[in-house]
Amino acid sequence: SLYLLRLFNDGPAMLLLFAFLAAYARRSYAAGALLVSAALSVKMNALLFAPALALLTLRECGWAGAVLRAMPALGLQVATAWPFLRANAAGYLGRAFELSRAFEHRWSVNWAMLSPAAFGSAALARGLLAAHLCLLLAFAHWRWTRHDS
């Protein structure tokens, strides 16, 4: 089925993300960063864990420690992408992080009440992204770290 084919790499990506959570629970931040990097190589929805990963790493390791622990993860991303970067770096980076991609209205569940034209508008996409980033920053500041000094 077409729906099942879209899920073929969710299992391995989530397995790596759960292993990342287990590593972080044991305060093994370098291993956790490598595991989440591997999960990103499998499926980009692992980026949904990025705010929690960043907040935990910053709180536990500080800025310098967080950057130090991110280096092997960045190295894994570069090593994974190297064959594609070597062949066509601009094309690879342009398509891998295609923020201008438009989603199809027929697959929408949460925004089905909008017309297809409104759903596909660039203004809605930018507004939703801006709202998401503002909410993440607000929660990080006033909710998730409110007991920190």
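At a glance:
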| item | result |
| --- | --- |
| Residues of region 129-149 classified as of a type in the set (S, T, N, Q) and open to solvent by less than 100 Å² (accessible area, probe 1.4 Å), total | 1 |
| Ala112, sole failed condition from (1) more than 20 Å from Ala140 (Cβ to Cβ); (2) assigned to a helix (DSSP H, G or I) | (2) |
| Residues within region 33-50 that are touching a residue at least 24 places away in the same chain (Cβ under 8 Å), surrounded by 15 or more Cβ atoms within 10 Å (Cβ to Cβ) and either in contact with a strand residue (DSSP E or B) (Cβ under 8 Å, 6 or more places away or on another chain) or part of a helix (DSSP H, G or I) (or both), tallied | 11 |
| Matching residues in region 7-26 - criterion: being in contact (Cβ under 8 Å) with a residue 24 or more places away in the chain and not in a helix (DSSP H, G or I) | Asn9 |
| Residues satisfying the stated conditions in region 106-128, i.e. of a type in the set (A, V, I, L, M), open to solvent by 100 Å² or more (accessible area, probe 1.4 Å) and either closer than 23 Å to Ala50 by Cα or at pLDDT below 85 (or both) | Val109 |
| Options Phe103, Phe84, Phe139: the member that is outside any loop (DSSP other than H, G, I, E, B), hydrophobic (A, V, I, L, M, F, W, C) and closer than 23 Å to Asp10 by Cβ | Phe84 |
| Residues (among the aromatic types (Phe, Trp, Tyr), surrounded by 11 or more Cβ atoms within 10 Å (Cβ to Cβ) and under 20 Å from Ala50 (Cα atoms)) located in region 87-100 | none |
| Yes/no for Leu68 being at pLDDT 90 or above, open to solvent by 40 Å² or more (accessible area, probe 1.4 Å), in contact with a helix residue (DSSP H, G or I) (Cβ under 6 Å, 6 or more places away or on another chain) and among the hydrophobic types (A, V, I, L, M, F, W, C) | no |
| From the options Phe103, Phe84, residue that is at pLDDT 90 or above, open to solvent by 80 Å² or more (accessible area, probe 1.4 Å) and in contact with a Phe, Trp or Tyr (Cβ under 9 Å, 6 or more places away or on another chain) | Phe84 |
| In region 71-81, the residues that are closer than 18 Å to Tyr24 by Cβ and surrounded by 13 or more Cβ atoms within 10 Å (Cβ to Cβ) | Pro72, Ala73, Leu76 |
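The values are calculated or read from the model by the stated rules, or taken from the named source; none is laboratory data. Since the model is a prediction, treat every value here as computed from it, not as a measurement. Using ideal geometry, Cβ is built from the backbone for each residue, glycine included, and neighbour counts are taken over all protein chains shown. Keep in mind that these areas ignore ligands, DNA and RNA; they rest on the heavy atoms of the full protein, side chains included. Shrake-Rupley method; radii C 1.70, N 1.55, O 1.52, S 1.80 Å.
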